[in-house]
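Enquirer: The structure under discussion is supplied below as structure tokens; questions concerning it will follow.
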Amino acid sequence: ADVVQDIAGRVYIAAGDIHVYANDGRSLGQIVMPERPLSLVFGGPDNRTLYVAARTSLYRVSLPAP
């Protein structure tokens, strides 16, 4: 599973869908993806855009401000 952390300290784990955890370990839910994610990276001018690479596609998820 690929794991990344956003600027607010939330942790994103690519495992089937994308599971999101607070920096204290609490589950915040998940981001349901149409394809199994392979790799995650944050980018964009404010570093709040999550890019998700899957087997056949690249997805972009805009996240709210911390």
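Enquirer: Please go through segment 9-42 and give me each residue that is open to solvent by less than 50 Å² (accessible area, probe 1.4 Å), within 15 Å of Val61 (Cβ to Cβ) and not in a strand (DSSP E or B), ordered by number.
Expert: Within segment 9-42, Met33, Glu35 meet the criteria.
Enquirer: Looking only at segment 43-52, count every residue that is assigned to a loop (DSSP other than H, G, I, E, B) and touching a Lys or Arg at 6+ places or on another chain (Cβ under 8 Å) and tell me the total.
Expert: Residues flagged as assigned to a loop (DSSP other than H, G, I, E, B) and touching a Lys or Arg at 6+ places or on another chain (Cβ under 8 Å) within segment 43-52 amount to 0.
Enquirer: Just checking, how many residues over segment 7-21 are under 14 Å from Val32 (Cα atoms) and touching a residue at least 24 places away in the same chain (Cβ under 8 Å)?
Expert: 3
Enquirer: Sticking with this one: Which of the residues that make up segment 45-66 are touching a strand residue (DSSP E or B) at 6+ places or on another chain (Cβ under 9 Å), surrounded by fewer than 14 Cβ atoms within 10 Å (Cβ to Cβ) and modelled with pLDDT under 95?
Expert: Arg55, Ser62 - these are the residues of segment 45-66 that are touching a strand residue (DSSP E or B) at 6+ places or on another chain (Cβ under 9 Å), surrounded by fewer than 14 Cβ atoms within 10 Å (Cβ to Cβ) and modelled with pLDDT under 95.
The values are calculated or read from the model by the stated rules, or taken from the named source; none is laboratory data. Source: prediction; values computed, not measured. Every residue, glycine among them, receives a Cβ derived from its backbone with ideal geometry; neighbour counts consider all protein chains shown. Areas reflect the complete protein model, heavy atoms only, side chains present, ligands, DNA and RNA absent. Shrake-Rupley method; radii C 1.70, N 1.55, O 1.52, S 1.80 Å.
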